[in-house]
Amino acid sequence: MKFGKWTVKTSYDYPPIPDRSMDWSAWIDGQEEHSAWYGHGQTELEALLDLHQHLVEDGELPQIKWVKEWEAPLEKAREHVANLQNALNLVIDRTCQCDDCKPWRESLKEAI
């Protein structure tokens, strides 16, 4: 993908933590030494938007109208994900509460 004169790369990192908000990274190929020029997000698109915002703030790229137009749908998607996570947690909480099932319940909650 291109951002102006740069080639942008992305990766799905999936760090070993329960918080999924930093699963994706985006950076400019060949500019890895600019630590401020990295984007992170729960999705690839969010990581690209985050990188774009850093470049705009540094004066390297102009603000693009479509970036603003994506903010509301992304927020709505985040709400849907949170609602699904809450619903899954409720289902898990209503399963068998015996000590034998406790490790299973805890591993499911970590996966969510």
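Gain on full extension, evaluated as 0.36 nm per residue between LYS5 and ASN89 minus their Cα-Cα distance, stands at 25.7 nm.
Seen from HIS40, the other residues with C-beta closer than 10 Å to its C-beta sum to a net charge of -4, counting Lys and Arg as +1 and Asp and Glu as -1.
For the chain, a Gaussian network of Cα nodes joined below 10 Å ranks SER11, SER35, SER25 by mean-square fluctuation, and the top entry is SER35.
The calculated 222 nm mean residue ellipticity attributable to helices in the chain amounts to -16000 deg cm²/dmol, summing -39500 (n - 2.57) over DSSP H runs of n ≥ 4 and dividing by all residues. In terms of Cα atoms, the Rg and Dmax of the chain work out to 18.4, 59 Å. Maximal additional length on extending the ALA82-GLU32 stretch stands at 14.8 nm, based on 0.36 nm per residue less the C-alpha distance. Computed from Cα atoms, the angle from the helix 65-93 axis to the main principal axis of the chain rounds to 10 degrees.
Here, each number is a calculation from the coordinates, and none is a lab measurement. The shown structure was predicted, so the numbers you read here are calculated from the model rather than taken from an experiment. We place every Cβ from the backbone using ideal geometry, glycine too, and count neighbours over all the protein chains shown.
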